[in-house]
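To start, the structure under review is shown below, and the notes come after it.
Computed from the coordinates by the stated procedures, all read-outs in this text should not be read as laboratory data. Everything numeric here is computed off the predicted structure, so don't read it as measured data. Ideal geometry is used to build each Cβ from the backbone, glycine not excepted, and the neighbour counts take in all protein chains shown.
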Amino acid sequence: NFLLTQPHSVSESPGKTVTISCTRTSGSIANNYVQWFQQRPGRAPTTVILEDKIRASGVPDRFSGAIDTSSNSASLTISGLKTEDEADYYCQSFGTINRVIFGGGTKLTVL
Amino acid sequence: EVQLVQSGAEVKKPGESLRISCQGSGYRFSSYWIGWVRQLPGQGLEWMGLIHPEDSDTKVSPSFQGQVTMSVDKSSATAFLQWTSLKASDTAMYYCARPYSTSWNDAFDVWGPGTLVTVSS
């Protein structure tokens, strides 16, 4: 099985754009879809991006997902940052032994 | 509206048994896998496993194999996660979630609010 590696934390100012990466350690990132989840403090996760780049229902178009086979990574980009975007973000994909694999999570601080 | 409603917080002693629940509504419960996800205090999300309500087919993470039991009751549209002998290390938030389609390997798009399990002597 592979791992999904995320930066521990990122920070950016309101109104700016931030990108969170998710690197697959073995096998191609394109082999299995990548999802992104947002978890605000004390709350359950919510789905932000499905299948690499599809925004979940109700998610504003400030959020976008992509994959890059050259770096074997997926990314979540949030533009026009708002303080309400401050949260932990997790990427997730599918494996064979561990069928569902989560990245370690990235804490986004909007300051 | 599709919803997953989880049972309330639990406080247990080591060695005790526990069953927590996740009730689905607003959709055909028997058609969709239900997944379980653990979150240790201050830590990330860990996939525990999936169960299909129609035939109780399960896919369990090797990390949790033999540690927990997943089950369902179709008549009440409820999935369960059960321990026979809790340990302090089982203290965590447990989420149930449903994929957006009837395949197990589709993204979770509905999440329950979580059940906090505290195991302490």
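Per-structure values
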read-out	value
Fewest-first sequence of B:S71, A:S73 by Cβ atoms within 10 Å of each Cβ	B:S71, A:S73
³J(HN,Hα) computed for each position of region A:73-84 - Karplus, 6.51 cos²θ - 1.76 cosθ + 1.60, integer Hz, glycine/proline x	9, 10, 9, 10, 10, 10, 9, x, 3, 10, 4, 5
Long-range amide H partners of A:A56 with built H, under 5 Å	A:I49, A:L50
Karplus-derived HN-Hα couplings along region A:40-54 (A = 6.51, B = -1.76, C = 1.60, θ = phi - 60°), whole Hz, x at Gly and Pro	6, x, x, 10, 6, x, 10, 8, 9, 10, 10, 6, 6, 8, 8
For B:G114, residues with placed amide H under 5 Å, excluding near neighbours	B:Q6, B:C96
Per-residue average of Cβ from other chains inside 10 Å of B:106-117	4
HN-Hα J in Hz across region B:81-97 - Karplus 6.51, -1.76, 1.60, θ = phi - 60°, x for Gly and Pro	10, 10, 10, 9, 8, 5, 10, 4, 6, 7, 4, 5, 9, 10, 10, 9, 8
Mean separation of Cα contacts under 8 Å, 6 or more apart, over the residue count of region A:4-110: relative contact order %	37
Per-residue mean of C-beta atoms belonging to partner chains within 10 Å, peptide B:42-52	4
When region B:3-112 is reduced to its Cα atoms, the Kirkwood hydrodynamic radius in Å	14.1
Long-range tail of P(r) for the protein assembly as shown (Cα pairs > 31 Å, %)	21
Of every Cα-Cα pair in region A:4-110, the percent that sits beyond 21 Å	28
Amide H contacts under 5 Å for B:V72, placed H, 5+ residues apart	B:F80
Cross-link pairs B:K59/B:K87; A:K107/B:K12; A:K53/B:K87; A:K53/A:K82; A:K82/B:K12 - those with Cα-Cα distance over 28 Å	A:K107/B:K12; A:K53/B:K87; A:K82/B:K12
Region B:3-112: relative contact order as a whole-number percent, Cα under 8 Å and 6+ apart	34
Burial ranking of peptide ranges B:74-82, B:58-66 (average Cβ count within 10 Å, highest at the top)	B:74-82, B:58-66
